[in-house]
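In what follows, a structure is listed as structure tokens, so that the remarks can point back to it.
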Amino acid sequence: MQPLIGIIMGSDSDLNVMQAASDILKQFAIPHEVTVVSAHRTPHRMIEYAEKAKDRGLKVIIAGAGGAAHLPGMVASVTILPVIGVPIKSSNSIDGWDSVLSILQMPNGVPVGTVALNAAKNAGILAAEILGTFDEDIAEKIATYKSNMNNEVIEKVEKLKQQGWENKFD
């Protein structure tokens, strides 16, 4: 099936974080692709990927990067597709803050939706939600996912009550 979401990362060492985006998209049965596109080591590949993404049928790009984390912003600068940036705490990172700020502090005119440090799963959910605004099947899967999260929390509340923990909220 034609991929609807592109998951890219600056290095294959980022795959341990970015795998979570792929996993949640698989759970929602959303076709996607995963590849390495480095802003610094393969700039021509990055530009070609971003410029051709829409014509290839992609609807959203999730871009993960650590350190200076230029990949999400540079991709956003050459595509009209929404780009979701995943800051990654990498081996050359300053506790991840460099990645967070590099992706978060984009200049006006070049927006990048940014999730929390290492939060590729949230990037996958956000990408699915974007698609869900136009695809009722995807929207229903997201609604079910969120309902299940709600039910899991309520079950935990009931378990705490059964263990004798006082609950003044209810």
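Within segment 16-36, residues that are charged (D, E, K, R) reach partners that are surrounded by 14 or more Cβ atoms within 10 Å (Cβ to Cβ) and in a strand (DSSP E or B) with beta carbons closer than 9 Å, at six or more positions or on different chains, in the pairs 26/32; 33/5; 33/6; 33/7; 33/8. When 117, 126 are screened for being in a helix (DSSP H, G or I), touching a Gly at 6+ places or on another chain (Cβ under 9 Å), touching a residue at least 12 places away in the same chain (Cβ under 8 Å) and not acidic (Asp, Glu), only 126 passes. For segment 49-57, the criterion of a residue being under 22 Å from residue 142 (Cα atoms), touching a residue at least 60 places away in the same chain (Cβ under 8 Å) and out of contact with any Cys (no Cβ under 9 Å at 6 or more places or on another chain) is satisfied by no position. Assess whether residue 90 counts as being assigned to a loop (DSSP other than H, G, I, E, B), surrounded by 19 or more Cβ atoms within 10 Å (Cβ to Cβ) and modelled with pLDDT under 95. When the stated conditions are applied, residue 90 passes them.
Considering 161, 141, 156, the condition of being closer than 15 Å to residue 29 by Cα, in a helix (DSSP H, G or I) and basic (Lys, Arg) is satisfied by 141 alone. The residues of segment 66-87 that are at pLDDT 95 or above and touching a strand residue (DSSP E or B) at 6+ places or on another chain (Cβ under 6 Å), listed by number, are 71, 72, 75, 76, 81, 82, 83, 84, 85, 86.
The values are calculated or read from the model by the stated rules, or taken from the named source; none is laboratory data. The structure displayed is predicted, hence computed values, not measured ones. Methodologically, a virtual Cβ is constructed for each residue, glycine included, from the backbone with ideal geometry; neighbour enumeration extends over all protein chains shown.
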